[in-house]
Amino acid sequence: MKVITVINQKGGVGKSTISVNLSYGLSMRSKRVLLVDLDPQAHSTVIYMDSVPIHTITDIFHNRSFDIKQAIHPAMTNEKEVESLKIIPSTIRLASSAEQVASRVHREKILYKALQTIKNDYDYVVIDCPPTLGVLAVNGIYAADTFLIPITYSKYALDGVSDLFSAIDEIKEGEAFDFKIIKNIYDKRTTQTNQYIDSQLESFDSNVLKTIIRKSESINQAVIVEKPVCLFDPKGNGAQDFEALTEELIDG
């Protein structure tokens, strides 16, 4: 089981969109996939669930003896189950549960320990983290085998990345960690900004994915109608880009 944590404490960089579509892409390649929504805003959850079930990610943080399998549900789209894709949904109540465990000993290991009980059931776990470095993101970091860091093409795109690396280093207790940077919401018309961001990323060259997610109306519309973009517009740029991302991560 490989755990991919999608993380960046900067909001609006597309973490949920990437988590949703990467999970779908992996499942379409016959991988057994579990999507974990760690964000109280539940943006990944609404794509794959029509309503919030009784058991969610909140139970894992609220109850020490909770069986994680009770919070795992089939991912649904077009009123059908997505083959090979399951989800642990989130809810706004997760925020208050996170506050309650903030002072607990080994609080950073809660999700990791729960996932270890199902490690033989899945090929990939994709974790959608909130745009903060609080206890929820810390759990996402501790559980990760690799980090997928979305970067947008804006002047402040790399703000906070060094802080993120420092946090990962501390939580991983100095162990070497694998990370990939994915360029997101690329617009070829913003030439100077694009050149600036590319120059800033030169020092991370070996960790920057070749795939670039282009700015696409089909991606925006897919979010609105609550579907993976590959279902909403299979031949569009958005679907092509997420296909490429999935292939690159599998090959890598």
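If packing is taken as the average number of other Cβ atoms within 10 Å across a peptide's residues, how do 187-198, 103-114 rank, most packed first? Kindly include the intermediate steps, with their values, before the conclusion.
Details: 187-198: 12.4, 103-114: 15.8.
Averaged packing, sorted descending, gives the order 103-114, 187-198.
Report, by chain and number, residues whose modeled amide H sits under 5 Å from the one on residue 208, excluding near sequence neighbours (fewer than 5 apart, same chain).
181
Between residue 206 and residue 92, what FRET efficiency follows from the Cβ-Cβ distance if R0 is 35 Å, with the result rounded to 0.05?
Working: r = 39 Å, r/R0 = 1.12.
Once the sixth-power term is evaluated, E becomes 0.35.
Quick one: dipole size for the chain, taken about the Cα centre, charges +1 on Lys/Arg Cβ and -1 on Asp/Glu Cβ, in debye to the nearest 20. Can you show the working numbers first?
On the way: 27 positive and 33 negative charges, 48 e Å.
Here the chain has a charge dipole of around 220 debye.
Hey, what do the phi angles of the stretch 37-50 turn into as Karplus ³J(HN,Hα) couplings, whole Hz, using 6.51/-1.76/1.60 and θ = phi - 60°, x for Gly and Pro?
Here the 3J(HN,Hα) series is 8, 9, 9, x, 6, 6, 5, 6, 4, 5, 6, 10, 9, 6 Hz.
What nm value, rounded to one decimal, do you get for the distance between residue 220 and residue 251 when each label is placed 7 Å out toward the C-beta?
Here the modelled spin labels are 3.1 nm apart.
To check you understand DSSP bridge types, tell me what percent of the beta bridges within the chain (both residues inside) are antiparallel, rounded to 5. List each step's numbers first, then the result.
Numbers: 4 of 31 bridges.
Taking every DSSP beta bridge with both residues in the chain, the antiparallel ones total about 15 percent.
Can you give the FRET efficiency to the nearest 0.05 for residue 196 and residue 169, using r as the Cβ-Cβ distance and R₀ = 35 Å? Don't skip to the end; give the middle numbers.
Details: r = 27 Å, r/R0 = 0.76.
Between residue 196 and residue 169 the formula returns 0.85.
Give, as ranges by residue number, the residues of the stretch 1-39 whose backbone N falls under 14 Å from the point 7 Å along Cα→Cβ of residue 123.
Inside the label zone: 1-3, 23-34.
First select every other residue whose beta carbon is under 14 angstrom from the beta carbon of residue 193; then total the charges, Lys and Arg +1, Asp and Glu -1.
Values: positive: 155, 183, 188, 189, 215; negative: 187, 198.
Net charge around residue 193: +3.
Where a ≥ b ≥ c are the square roots of the eigenvalues of the C-alpha gyration tensor, would you call the chain rounded, which needs a/c under 1.5, or, failing that, prolate if a/b is larger than b/c, or oblate? List each step's numbers first, then the result.
Working: a/c = 1.71, a/b = 1.20, b/c = 1.42.
Judged from the Cα gyration tensor, the chain comes out oblate (a/c at least 1.5, b/c at or above a/b).
If you count only protein heavy atoms with a 1.4 Å probe, what accessible area per residue comes out for the stretch 65-117, rounded to a whole Å²? Mind dumping the intermediate values first?
Working: 3020 Å² over 53 residues.
Ligands and nucleic acids excluded, the figure is 57 Å² per residue.
With θ set to phi - 60° and the Karplus curve 6.51 cos²θ - 1.76 cosθ + 1.60, what are the ³J(HN,Hα) couplings of the stretch 15-30 in order, to the nearest whole Hz, using x for Gly and Pro?
4, 5, 4, 5, 4, 4, 7, 5, 4, 5, x, 5, 5, 6, 9, 6
Expected output is a single nm value to one decimal: the length gained when fully extending between residue 159 and residue 67, i.e. 0.36 nm times separation in residues minus the C-alpha distance. What is it? Spell out each step's value before the answer.
Details: separation 92, 0.36 × 92 = 33.12 nm, distance 3.80 nm.
Value of the extension gain: 29.3 nm.
Please list, in order along the stretch 162-168, the HN-Hα scalar couplings obtained from phi with the Karplus expression 6.51 cos²θ - 1.76 cosθ + 1.60 (θ = phi - 60°), rounded to whole Hz, x for Gly and Pro.
5, 5, 4, 4, 4, 5, 4
Going by a ≥ b ≥ c, the root eigenvalues of the Cα gyration tensor, does the stretch 1-148 fall in the rounded group (a/c under 1.5), the prolate group (a/b larger than b/c) or the oblate group? Display every interim value, and only then the final one.
Working: a/c = 1.38, a/b = 1.32, b/c = 1.04.
Here the stretch 1-148 falls in the rounded category.
Taking H as built 1.01 Å from N, whose amide H comes closer than 5 Å to the amide H of residue 125, not counting residues under 5 places away?
2, 3, 4, 34
The values are calculated or read from the model by the stated rules, or taken from the named source; none is laboratory data. Being a predicted model, the structure only gives us computed values, none of them experimental. Backbone-built Cβ (ideal geometry, glycine too); neighbour counts: all protein chains shown. Side chains included, ligands, DNA and RNA excluded: accessible areas come from the protein's heavy atoms. Shrake-Rupley method; radii C 1.70, N 1.55, O 1.52, S 1.80 Å.
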